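Readers should treat all values here as calculations from the given coordinates under stated rules, not as data from a laboratory. As the structure is a computational prediction, the values presented were derived from the model and not from experiment. Neighbour counts run over all protein chains shown; Cβ positions are idealised from the backbone, glycine included.
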Amino acid sequence: MRSEQGERVRTMQVRTVRIVVSLKPGVLDAPGQAIRQGLDALGHPGVQHVRAGKYFEVELDDDGRVEERVREICDGFLANTLIEDYRYEIL
Amino acid sequence: MDIGVVVFPGSNCDADTCHVIRDVLGHRAQYVWHEERQLAGFDAVILPGGFAYGDYLRAGAIAATSPVVRALREYAVAGGLVLGICNGFQVLLEAGLLPGAMCPNTSGQFRCEFVHIRVERIDTPFTCAMTSGQVLRLPIAHAEGNYYADPPTHQAIIARRQIAFRYCDPRGTVAPRANPNGSLDAIAGVASRVGTVVGLMPHPERASETVLGSEDGRLVFESLDRWITAGGFPAGVPVSAGAGAEAG
């Protein structure tokens, strides 16, 4: 591919990454507990446990080190690794 | 003294803090916008309460990436005095200037009420006018004030005397019923190792005039004035101890 100036331009594929951040086991999940109580109040039987978390869809250029960058993004910002775990899926 | 009060989009205790410093205590205070990159010249910098950047992601997380917090890190490492109140404390934790993290209150509630805290450390710029074990009556207003540190960090902050305040009952006894948010070890405030960076969840600026129900908060600002007037660390403390903020 060439740009208007005639230079070769490498087309970089964009990857979508789905990231879920949730509190570590052992760290009290007050929102999750409140949601479970809400389900109780609505009359949903048999709901044993709810864990609340955050979901992110991040689109980033595929520069060959997407996974490494996703880890940097999660460790440094999206998750507070003192209290939160994360998992991700690169599409 | 000349104090910088940082204003993030979503700060809401900046005016109260400036009011106490200027109108109640008669010192100078200036607002510092979050895009500011220069903090040199202030005797101390205060991060006020509020919901910086809407507390999106986590309380204080986005504020910790702002230009003024980058400048604050340099300021603190150079020995500058930094106080974080409520959301400001959360920003200091997210910025790694103090150890630990905040979780949602165990009650699941936003708690807005007067609490009591016990002074655990008096050799800091923000507590030097207090007495050890003194009980202060101050208001809290937060949903995420449940202080957490993992066991090694908890042990380390005890060993380094980094617990500045603990929640207690009016007589100074630490008890679960006197802990409004479930904080580990009833921790209400934390100091850096040398004590030049302090964060606490209660609001001293909302309790610095009798008309507001308590004047105990004035002691934080009077401590700061005393510290600055005295020229910093007392004689005998190595100069190098004055420099460096640390997360650990």
* Is it true that B:E74 is over 20 Å from B:T196 (Cα atoms) and either surrounded by fewer than 18 Cβ atoms within 10 Å (Cβ to Cβ) or over 14 Å from the mean Cα position of the chain (by Cα) (or both)? -> no
* To do: State the number of residues belonging to the range B:167-216 that are of a type in the set (G, A, S) and within 24 Å of B:W227 (Cα to Cα).
  => 9
* Asked: List, please: which pairs have Cβ atoms under 8 Å, are six or more places apart or on different chains, and start with a residue in the range B:150-164 that is more than 13 Å from chain A (Cβ to nearest Cβ) and end with one that is assigned to a helix (DSSP H, G or I) and of a type outside the set (F, W, Y)?
  -> B:I158/B:D185; B:Q162/B:A156; B:I163/B:I157; B:I163/B:D185
* Residues being within 14 Å of another protein chain (Cβ to nearest Cβ), closer than 18 Å to B:A175 by Cα and more than 14 Å from the chain's Cα centre (by Cα): count how many of those fall in the range B:126-149. => 2
* Asked: Restricting to the range B:62-96, what's the tally of residues that are within 14 Å of chain A (Cβ to nearest Cβ), touching a residue at least 60 places away in the same chain (Cβ under 8 Å) and more than 19 Å from B:C13 (Cβ to Cβ)?
  -> 1
* Asked: Which one of these is away from chain B (no Cβ under 14 Å), surrounded by fewer than 16 Cβ atoms within 10 Å (Cβ to Cβ) and either out of contact with any strand residue (DSSP E or B) (no Cβ under 9 Å at 6 or more places or on another chain) or in a helix (DSSP H, G or I) (or both): A:G64, A:G76?
  -> A:G64
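For every residue, the table says whether it meets (1) surrounded by 22 or more Cβ atoms within 10 Å (Cβ to Cβ); (2) in contact with a helix residue (DSSP H, G or I) (Cβ under 8 Å, 6 or more places away or on another chain); (3) among the hydrophobic types (A, V, I, L, M, F, W, C); (4) part of a helix (DSSP H, G or I).
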| site | (1), (2), (3), (4) |
| --- | --- |
| B:L138 | yes, yes, yes, no |
| B:E144 | no, yes, no, no |
| B:Y147 | yes, yes, no, no |
| B:Q155 | no, no, no, yes |
| B:Y167 | yes, yes, no, no |
| B:R171 | no, no, no, no |
| B:R177 | no, no, no, yes |
| B:N181 | yes, no, no, no |
| B:V190 | yes, yes, yes, no |
* Residue that is surrounded by the most Cβ atoms within 10 Å (Cβ to Cβ) [pool: residues in the range B:192-220 that are farther than 23 Å from B:G96 by Cβ and touching a His at 6+ places or on another chain (Cβ under 8 Å)] -> B:E205
* Kindly list the number of the only condition in (1) closer than 23 Å to B:E144 by Cα; (2) in contact with a Gly (Cβ under 6 Å, 6 or more places away or on another chain); (3) surrounded by 19 or more Cβ atoms within 10 Å (Cβ to Cβ) that fails for B:T106. => (3)
* Among (1) among the β-branched types (V, I, T); (2) in contact with a strand residue (DSSP E or B) (Cβ under 8 Å, 6 or more places away or on another chain); (3) surrounded by fewer than 21 Cβ atoms within 10 Å (Cβ to Cβ), the one test that B:T65 misses -> (2)
* Asked: Any chance the range B:114-125 includes a residue that's more than 23 Å from A:Q33 (Cα to Cα), more than 13 Å from the chain's Cα centre (by Cα), among the hydrophobic types (A, V, I, L, M, F, W, C) and within 14 Å of another protein chain (Cβ to nearest Cβ)?
  -> no
